[in-house]
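Participant: The structure follows.
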Amino acid sequence: MTLELLQGSVAITRAAIAADCRFFAGYPMSPFTPLLEAMSRELADTGGVCINAESEIEGANMALGASAAGFRAATGSCGQGIALMQETIAEAALNETPLVVFNMARNQQDYYQCTRGGGWGDYRTITLAPKDITEAVEHTQLLFHLADRYRAPVILYGDDLLSKTQVGVDVQPLDLPDLPEKDWALDGSASGTGRSRQVWTFAMGKKNDPGPGPDGQWKRVAQKFADLEQVEARHETVHAEDAETLVVAFGSAAKFVEHVVEELREQGHKVGLFRPITLWPFPGAALAQVTRGVRRVLVFEINAGQMIDDVRQWTHDRDAIEFIGGVSIDEHGLAFGPLLDAPVIAERILAAHSPADVLTARS
Amino acid sequence: MTTTDITIDTRTAPPPPSTKAASAAPSLILGEHSLCPGCGEPVALRLLLETLQELDVVDRSIGVVGHGCYGSFVRIMDIDVLQCLHGRAPSCATGIKRMRPESVVFTLQGDGDMVNEGLQEVLHSAARGENITCILLNNGVFGDTGGQQTATTVLGQRTKTSLEGRNAADHGYPIPIADLVASLQGSGYVARGAVSTPAAVARTKRMIKRAVQSQLDGNGLSLVEILTMCPTGWFVPAADGADYQGSSMEPVYPVGELKSQEAERA
């Protein structure tokens, strides 16, 4: 293994190229910008195409077109830019075009946006939230695979830290199973044969190949996402088996929480971490299992409380849940970005883990 | 209560529909369309399909189509098609053409599609010099939704959202999109045709052919704006559509070639 000191955005770019990404289009918006810059530098060297699009809407649709032509394609932005892309993400879900979207977010306020969408139709987006750059390299490659496998839009929920931090990383191609040929892709070769192809959300097909039609297509797509919930939910736990207090966190924040949990364990506190790796499908069944024996479930996220909805849905004792995150945990009010602070996280966990009154009431 | 003097003979079957038009259709049309009587779009689409056949590029043609009346035509058009959202066709076509430079990529959009929602897409694609061919079917209204005002509705024209006729004070001025595209360096061929008379149809066919040839020559974005009739959306009798178009639209949107590499070289 050879480690190379790379900025996160460059590492993700290399991972995308290793996954045979051939097309990228995006519009600059911090902290997504370094990824667009890295793509523009590195993708052309491999014979691929990177376009600095004139808007997020155009970038997303360029990627949709490239993907419909049968090539691995991606786009990206963050927050408000992803909001503009939602119409395309929904379109890709319903016309079943693979699309990889990199959300290099400013904080964790994009949770609803990534897991609930904002476009039209009965669709969801597989969303992976890596805790660090090494994992982001794996997730990037996995996402291209999942997008093709399920013919669906997928999102990498990154952030400022993943975009800009430099770490030693070794980008190796993942060994993933083979996928079927893209016999649905548009290359023009079927034009004039009476069996020309068509990609669209209504799926009414051509005269000689009528297709399932809107009703059949939308039911089929909805069923696909329902099935995905059963098979693609991923999570990780740290010291969860005997935890009295379990903290639920995702992405870079989870990495900080993991560090704090290890520290508190050394001090003798029975705390643990549950980290959803896929934000959708949310690993709810696993969370339900893990939270059976715990006294407190704390939700730490860098927003005003979004993932906590999913946690509430799957935790048996709702009274045990407490939100300990915030839009910013910077007590001095900078209030922008993922301002993570291990001592503050430790303080908040301990305050909920061992208040005298709760222990008395429950013992 | 009054009664009508119309009697319906239920004993004999109605005469069969004429098959003359269908038998003369190019082979890339797989059946009959469902557009309104008097609509100009079937003629325009037929010209496009005939052109692809005549230039022998059918087996590498990919269409990118927005949403509008012509969407129903796509089902019987024997061409690979990506049907995308309103306005987005030039962006989607960009992605396709960049990855498959050997293919012939065309977009098919109405005026609501291209000039309202997709104004940014078509202008930027032209500015980038994307080597695609854009066909605009301009009837001056949103036909699919029943005749509302679009960005190309001419002053004075009555629509469902400008019942007294479009006036500049309330609704602004129509956008001559072909002129805008022609003014950009990245466009190679731009023309405006019509399908209201046999002569106009023949001329428009030549324009489409030059536009696709321009793409084959790698001259950047080519655009043919085709003025089409929409009697249903205009609230005029089907038979009056062509005259109405000629008298209302063509003075505002003069037909002819606006930009041609051949003309410049000559």
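The values are calculated or read from the model by the stated rules, or taken from the named source; none is laboratory data. Just so we're clear, the structure is a prediction, and the values are computed from it rather than from any experiment. Cβ coordinates were reconstructed from backbone atoms using ideal geometry, including for glycine residues, and neighbour counts include every protein chain displayed. Ligands, DNA and RNA are excluded from the accessible area calculation, which covers all protein heavy atoms including side chains. Shrake-Rupley method; radii C 1.70, N 1.55, O 1.52, S 1.80 Å.
Participant: Hey, among the residues in the stretch A:274-290 that are open to solvent by 10 Å² or more (accessible area, probe 1.4 Å) and among the β-branched types (Val, Ile, Thr), which one's farthest from residue A:255 (Cα to Cα)?
Facilitator: The qualifying residue farthest from residue A:255 (Cα to Cα) is A:290.
Participant: A follow-up question, please. Please enumerate the residues belonging to the stretch B:197-236 that are free of Cβ contacts under 8 Å to residues at least 60 places away in the same chain and either open to solvent by 60 Å² or more (accessible area, probe 1.4 Å) or part of a loop (DSSP other than H, G, I, E, B) (or both).
Facilitator: From the stretch B:197-236, those free of Cβ contacts under 8 Å to residues at least 60 places away in the same chain are B:197-200, B:202-203, B:206-207, B:210, B:217, B:236; that's our starting set.
Across the stretch B:197-236, the qualifying residues are B:197, B:198, B:199, B:203, B:206, B:210, B:217, B:236.
Participant: Next question. Looking at the stretch A:16-38 only, could you name the residues that are within 14 Å of chain B (Cβ to nearest Cβ) and either more than 13 Å from residue A:56 (Cα to Cα) or basic (Lys, Arg) (or both)?
Facilitator: Let us first name the residues in the stretch A:16-38 that are within 14 Å of chain B (Cβ to nearest Cβ), namely A:20-27.
Listed by number, the residues that qualify are A:20, A:21, A:22, A:23.
Participant: Now, a different point. Restricting to the stretch A:207-254, name every residue that is charged (D, E, K, R) and within 20 Å of residue A:91 (Cβ to Cβ).
Facilitator: Selection gives A:215, A:219, A:220, A:224.
Participant: Of all residues in the stretch B:119-160, how many are closer than 22 Å to residue B:187 by Cβ, within 14 Å of the chain's Cα centre (by Cα) and of a type outside the set (Ser, Thr, Tyr)?
Facilitator: 5
Participant: Whether any residue in the stretch B:36-48 is among the β-branched types (Val, Ile, Thr) and more than 11 Å from chain A (Cβ to nearest Cβ) is what I want to check. Let's see the steps before the verdict.
Facilitator: Taking the stretch B:36-48 and keeping what is among the β-branched types (Val, Ile, Thr), we get B:43.
Filter again for more than 11 Å from chain A (Cβ to nearest Cβ), leaving B:43.
Among the residues of the stretch B:36-48, at least one is among the β-branched types (Val, Ile, Thr) and more than 11 Å from chain A (Cβ to nearest Cβ), which makes the answer yes.
Participant: For residue B:180, state whether it is away from every other protein chain (no Cβ under 14 Å), farther than 19 Å from residue B:92 by Cα, at pLDDT 95 or above and not in a helix (DSSP H, G or I).
Facilitator: no
Participant: Pick from the stretch B:140-155 the residues that are open to solvent by 10 Å² or more (accessible area, probe 1.4 Å) and modelled with pLDDT of 95 or more: which of them is farthest from residue B:242 (Cα to Cα)? Outline the logic, then answer.
Facilitator: Taking the stretch B:140-155 first, the residues open to solvent by 10 Å² or more (accessible area, probe 1.4 Å) are B:142-146, B:148-149, B:151, B:155.
Restricting the remaining residues to those that are modelled with pLDDT of 95 or more gives B:142, B:148-149, B:151, B:155.
Working: B:142: 18, B:148: 19, B:149: 19, B:151: 21, B:155: 18 Å.
Restricting to residues being open to solvent by 10 Å² or more (accessible area, probe 1.4 Å) and modelled with pLDDT of 95 or more, the top hit is B:151.
Participant: Would you check which residues across the stretch A:251-271 are open to solvent by 10 Å² or more (accessible area, probe 1.4 Å) and either assigned to a helix (DSSP H, G or I) or touching a Cys at 6+ places or on another chain (Cβ under 9 Å) (or both) and list them? Spell out the reasoning first.
Facilitator: Here is the first cut: in the stretch A:251-271, the residues open to solvent by 10 Å² or more (accessible area, probe 1.4 Å) are A:255-256, A:258-259, A:262-263, A:265-270.
Passing the criteria: A:255, A:256, A:258, A:259, A:262, A:263, A:265, A:266.
Participant: Has the stretch A:211-231 got any residue that is farther than 30 Å from residue B:61 by Cβ, β-branched (Val, Ile, Thr) and more than 14 Å from chain B (Cβ to nearest Cβ)?
Facilitator: Checked the stretch A:211-231: at least one residue is farther than 30 Å from residue B:61 by Cβ, β-branched (Val, Ile, Thr) and more than 14 Å from chain B (Cβ to nearest Cβ).
Participant: With the checklist (1) closer than 30 Å to residue A:202 by Cβ; (2) open to solvent by 10 Å² or more (accessible area, probe 1.4 Å) in hand, flag the one item residue A:40 doesn't pass.
Facilitator: The single condition residue A:40 does not satisfy is (1).
Participant: Listed residues A:137, A:169; which is farther than 30 Å from residue B:57 by Cα, open to solvent by less than 10 Å² (accessible area, probe 1.4 Å) and touching a Ser or Thr at 6+ places or on another chain (Cβ under 7 Å)? Explain how you work it out, then say what you get.
Facilitator: Working: A:137 fails: touching a Ser or Thr at 6+ places or on another chain (Cβ under 7 Å).
The unique qualifying residue is A:169.
Participant: Looking at B:57, B:74, can you tell me which residue is within 13 Å of another protein chain (Cβ to nearest Cβ), open to solvent by less than 10 Å² (accessible area, probe 1.4 Å) and touching a helix residue (DSSP H, G or I) at 6+ places or on another chain (Cβ under 8 Å)? Working first, answer last.
Facilitator: Details: B:74 fails: touching a helix residue (DSSP H, G or I) at 6+ places or on another chain (Cβ under 8 Å).
That would be B:57, the only listed residue that is within 13 Å of another protein chain (Cβ to nearest Cβ), open to solvent by less than 10 Å² (accessible area, probe 1.4 Å) and touching a helix residue (DSSP H, G or I) at 6+ places or on another chain (Cβ under 8 Å).
Let's see how each residue does on (1) under 24 Å from residue A:285 (Cβ atoms); (2) crowded, with 20+ Cβ neighbours inside 10 Å:
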site: A:200; (1), (2): no, yes
site: A:203; (1), (2): no, yes
site: A:207; (1), (2): no, no
site: A:210; (1), (2): no, no
site: A:239; (1), (2): yes, no
site: A:243; (1), (2): yes, yes
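Participant: From the list A:75, A:88, A:13, A:97, pick out the single residue that is buried (at least 22 other Cβ atoms within 10 Å of the Cβ), within 11 Å of chain B (Cβ to nearest Cβ) and under 17 Å from residue A:158 (Cβ atoms).
Facilitator: Within the list A:75, A:88, A:13, A:97, the selection yields A:75.
Participant: Do we have any residue at all in the stretch A:310-327 that's under 18 Å from residue A:135 (Cβ atoms) and open to solvent by 20 Å² or more (accessible area, probe 1.4 Å)?
Facilitator: Quick first cut of the stretch A:310-327, residues under 18 Å from residue A:135 (Cβ atoms) only: none.
No, that holds for no residue.
Participant: Which condition from (1) part of a helix (DSSP H, G or I); (2) more than 22 Å from the chain's Cα centre (by Cα); (3) of a type in the set (Val, Ile, Thr) is the one that residue A:297 breaks?
Facilitator: Going through the list (1) part of a helix (DSSP H, G or I); (2) more than 22 Å from the chain's Cα centre (by Cα); (3) of a type in the set (Val, Ile, Thr), residue A:297 breaks only (1).
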